[in-house]
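Presented below is the structure to which this report refers.
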Amino acid sequence: MITLKEVKSKKELKAFVKFPFKLYKDSKYWVPPIISQEIKTFNKKENPVFNNAEARLFLAFKNNEIVGRIAAIVNWLEIKEQNQKKMRFGWFDFIDDLEVSKALLDEVEKIGKEYRLEYTEGPVGFSNLDKVGVVTEGYDSIAPMVTWYNNEYYIKHYEAANYKVEKSYSESRFPFKNVKPEFFKKAQELIKRRYQLTPLKLTKTEEVMPYADKMFDLFNESYASLSSFVAINDIQKEYFKKKFISFINPEYIKFIVDKDDNMIGFAIVMPSFAEALQKAKGKLFPFGFKHILKAKKNSKDVIFYLIGIHPEYQNKGVHAVIFNEYYETFKAKGIETCFRTPELEDNEAIHKIWKHFDPEVYRRRKTFRKDLA
């Protein structure tokens, strides 16, 4: 018999966060989060997303043992401002037992009906900067820190619960040697002159901060046309600056500004922390922090996390300026492999940007949906 328990205490929250550590203890490809940071994600005093969203966390038990978990999420900005009556769910992990996954999904659907929402979708997080999607292809590659990983049996559980594919994503990689500067070297010089653009040279985190708000504003503008996009508000900007910016090498953040210092393009690349996080085993101390700092300084793999161009400058070659800046940085650091985070497969504009690098799709993932009517 499967029983569900809603997470209420600190002890239960820690058990919720640590469940995948047991589920994937023998996996070579799962990357553990930092336990303390994951706990803060669900702290209403720490995470400003709770100003406009709510989450209820559930654990599934069988024979007094935890066998599954799920987060039922309501994003009120999405519901009220976009009229997307969606019941979100994420952090969905379970043993290979259809009764377990069904019990957890039934609870999400029940909550969605109580709020008179129209459908459920997951796995997703609170916002567009959270992890997304269940892996459907490419189980034999280590997962970046910015994505979820799952066992292959997950898919049959969605299908058994009558969930249908909602969105499809792909993750790509290419060796740095595939980057041919002749594709953008001359073009970027012409584009800089034509539009009076300047790439900023950043070497310190404190040099990044004065431009961080402009970057998030541009993120909102450049991604607004994507399906179910929810803009980042001012309070969330402060949270993301505190949480992420110090993690990223300043030279891996590229800003392009016009003659009036208006930001018209940006990109964020992160060193790969996957193997460092596996060594850390969920803890920063005593040695986890050391592994992460080493990866930040020495990793030969990088992940393109975000790239955005102002709508007025899209299709004008501004990405050539960004690529030229990264080419010089990566060449100096001896970067070997470039990875891209999950990108919507119907986002043709972003795929065109990368076509000259001959990228290889190595993983696909999807979100699943079920109508509640």
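The values are calculated or read from the model by the stated rules, or taken from the named source; none is laboratory data. Values in this document were obtained by computation on a predicted structure and should not be read as measured data. Backbone-built Cβ (ideal geometry, glycine too); neighbour counts: all protein chains shown. Heads up: the accessible areas ignore ligands, DNA and RNA and are worked out on the full protein's heavy atoms, side chains in. Shrake-Rupley method; radii C 1.70, N 1.55, O 1.52, S 1.80 Å.
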Problem - Separation in nanometres of the label points that stand 7 Å from Cα toward Cβ, at Arg56 and Ala15 - result: 1.8
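For the chain, what does the relative contact order come out to in percent, with C-alpha contacts under 8 Å and a separation of six or more?
On the way: 676 pairs, mean separation 85.3, N = 373.
Taking the mean separation of contacting Cα pairs over the length of the chain, I get 23 percent.
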Practice task
Might you tell me the accessible area per residue for the chain, computed with a 1.4 Å probe and given in Å²?
Solution key: 49
Problem - With every protein chain in place, the chain: carbon and sulfur % of accessible area (1.4 Å) - result: 50
Handout entry: Mean-position separation - Cα centroids, region 248-298 and region 340-373, in angstrom
Key = 23
Problem - For region 168-176, 3J(HN,Hα) per residue [Karplus equation, 6.51 cos²θ - 1.76 cosθ + 1.60, θ = phi - 60°, Hz, x = Gly/Pro] - result: 10, 10, 10, 10, 10, 8, 8, x, 4
Fill in the blank from the handout: Between Ser225 and Trp76, Cβ-based FRET efficiency (R0 22 Å, step 0.05) works out to 0.50
Handout entry: Nonlocal amide H pairs with Asn128, under 5 Å, H built at 1.01 Å
Key = Val230
Problem - Largest-first principal axis extents, alpha carbons of region 173-284, Å - result: 49, 38, 33
Handout entry: Which of Asp93, Asp213 is most accessible, then next, and so on - probe 1.4 Å
Key = Asp213, Asp93
Problem - Solvent accessible area, Å² - Ser222, 1.4 Å probe, full protein context - result: 20
Fill in the blank from the handout: Karplus-derived 3J(HN,Hα) from phi for region 92-97 (6.51 cos²θ - 1.76 cosθ + 1.60, θ = phi - 60°), whole Hz, x at Gly and Pro, runs 9, 9, 6, 6, 7, 9
Exercise for the section: Once you have all Cα-Cα distances for the chain, histogram them in 20 Å bins from zero and send the whole-percent values. Expected result: 27, 58, 14, 0
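Scanning the chain for helices, which whole DSSP H stretches are 18 Å or more long along the axis (Cα) and average -0.5 or more by Kyte-Doolittle?
Going by DSSP H runs, the hits are 10-23, 98-114, 318-333.
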Handout entry: Residues of type aspartates and glutamates that Lys164 reaches as a straight line, Cα spacing below 14 Å, ignoring anything fewer than 8 places off in the same chain
Key = Glu121, Asp371
Completion exercise
Taking GluC sites (Glu not before Pro) as exposed when in a DSSP loop with at most 13 other Cβ atoms inside 10 Å, the chain has its longest clean stretch at 153-335
Practice task
Quick one: which residues, 5+ away or cross-chain, put their amide H under 5 Å from the amide H of Val67? H built at 1.01 Å from N.
Solution key: Ala60, Phe61, Lys62
Completion exercise
For the pair Thr337 and Asp97, the simple spin-label estimate (label points 7 Å beyond Cα toward Cβ) gives in nm 3.6
Fill in the blank from the handout: Any residue on another chain or 5+ positions along whose placed amide H is under 5 Å from the amide H of Phe368 is listed here as Gly122, Glu166
